[in-house]
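K.L.:
Before anything else, here's the structure in question.
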Amino acid sequence: MFPWLGIEILPARMRRQLFHSVSKLSNWLDASWKWLLLALMIGALPVVLDHLTGYHLSRWLTPVMVLPLLLAAVQRDSLYYAFLVLGGMLFSHSLTMIALAVHAPEHWSGIFPPGVQYWEVTREWLLTGESKEYQLSYWVPGHLQLAFAMVFYTYCSLGLITLWHGFHEVDLMNLYVSQLWLHSDGSLGVILLGWHPWSICRGIGFVVLTYELVSWSFEHLCGKTISTRRSRINRWGLGFGFLALDMVVKYTMLESVRQVLHQSIA
């Protein structure tokens, strides 16, 4: 029986066609700049579409657009290309959204209201040091639950569900950072710490784990050996290592980051 969730998802012919199509794309991407350029475009253009239409479409469009590139990186068994793809996409997505939200904050508060709500909650924490979301008893279980949930959903959806949910979390931070910039003195602390360092660690961890789980799922789906057991163990360790670092950094730096950002708020 074909070993993807214990059931045969695709006929053998379709599995071969899928793997062949991904291989053709991977062969066409014969230079790092092609991977990065496409990733930057995929990250930025849907956000521009959000701005023009007034609807938060990028959360739905971007995961579908980036998936072929992610599968091409998986087919090459290359975490390097996966970082170019996912890292480049997230960087351009975030930079574009922050810039547009700073330029038109009221417009973006209508496009993505949860971002403004997140800003209000986090602003209260920055000013007072008190927030349920930043209490140890609240965020530790939340981080663990998210990590274990993403393992299942990433494998079952080739990463689509993880990316879809991930963009919601990323855009909460993007709208928060834009509001932080608008309400601050624009100091270096805001530039360096607006995107909290623990969130960056978590993002790196999820990129690694997303790649590994998509690789594992794609290997089973197509019935092709893509990577070695040793490489997979190393990636699991790297991914969960960054998630652990996320919690350590958050625990040790939470108050110092809050104080720096607090001082910068106008």
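The values are calculated or read from the model by the stated rules, or taken from the named source; none is laboratory data. Quick caveat, the model's predicted, so the values are computed rather than measured. Glycine also receives a Cβ, built like all others from the backbone with ideal geometry; neighbour counts cover every protein chain displayed. Accessible surface areas use protein heavy atoms only, side chains included; no ligands, DNA or RNA. Shrake-Rupley method; radii C 1.70, N 1.55, O 1.52, S 1.80 Å.
K.L.:
In the stretch 202-225, which residues are under 13 Å from the mean Cα position of the chain (by Cα) and open to solvent by 20 Å² or more (accessible area, probe 1.4 Å)?
P.N.:
So the first thing to find is which residues in the stretch 202-225 are under 13 Å from the mean Cα position of the chain (by Cα), and the list is 202-211.
Across the stretch 202-225, the qualifying residues are R202, G203, I204, F206.
K.L.:
From A39, A104, which residue is under 29 Å from V177 (Cβ atoms) and surrounded by 20 or more Cβ atoms within 10 Å (Cβ to Cβ)?
P.N.:
Working: A104 fails: surrounded by 20 or more Cβ atoms within 10 Å (Cβ to Cβ).
Unique residue meeting the criteria: A39.
K.L.:
Which residues, taken from the stretch 35-61, are in a loop (DSSP other than H, G, I, E, B) and among the hydroxyl-bearing types (S, T, Y)?
P.N.:
Within the stretch 35-61, Y55 is the sole residue that qualifies.
K.L.:
Determine whether the stretch 159-176 contains at least one residue that is modelled with pLDDT under 95, at positive phi and within 19 Å of the chain's Cα centre (by Cα).
P.N.:
Checked the stretch 159-176: at least one residue is modelled with pLDDT under 95, at positive phi and within 19 Å of the chain's Cα centre (by Cα).
K.L.:
Taking the stretch 118-142, which residues are open to solvent by 60 Å² or more (accessible area, probe 1.4 Å) and either part of a helix (DSSP H, G or I) or touching a Gly at 6+ places or on another chain (Cβ under 6 Å) (or both)?
P.N.:
Within the stretch 118-142, E120, V121, R123, E124, L127, T128, K132, E133, L136, S137, Y138, P141 meet the criteria.
K.L.:
To continue, here is another question. Within the stretch 232-266, track down each residue that is open to solvent by less than 70 Å² (accessible area, probe 1.4 Å) and of a type in the set (D, E).
P.N.:
D246
K.L.:
Kindly indicate whether F242 is of a type in the set (F, W, Y) and closer than 23 Å to F91 by Cβ. Break it down stepwise before answering.
P.N.:
Details: of a type in the set (F, W, Y): yes; closer than 23 Å to F91 by Cβ: yes.
When the stated conditions are applied, F242 passes them.
K.L.:
Only residues that are assigned to a loop (DSSP other than H, G, I, E, B) and either modelled with pLDDT of 95 or more or not hydroxyl-bearing (S, T, Y) (or both): list them for the stretch 177-199, please.
P.N.:
The answer is H183, D185, G186, G194, W195, H196.
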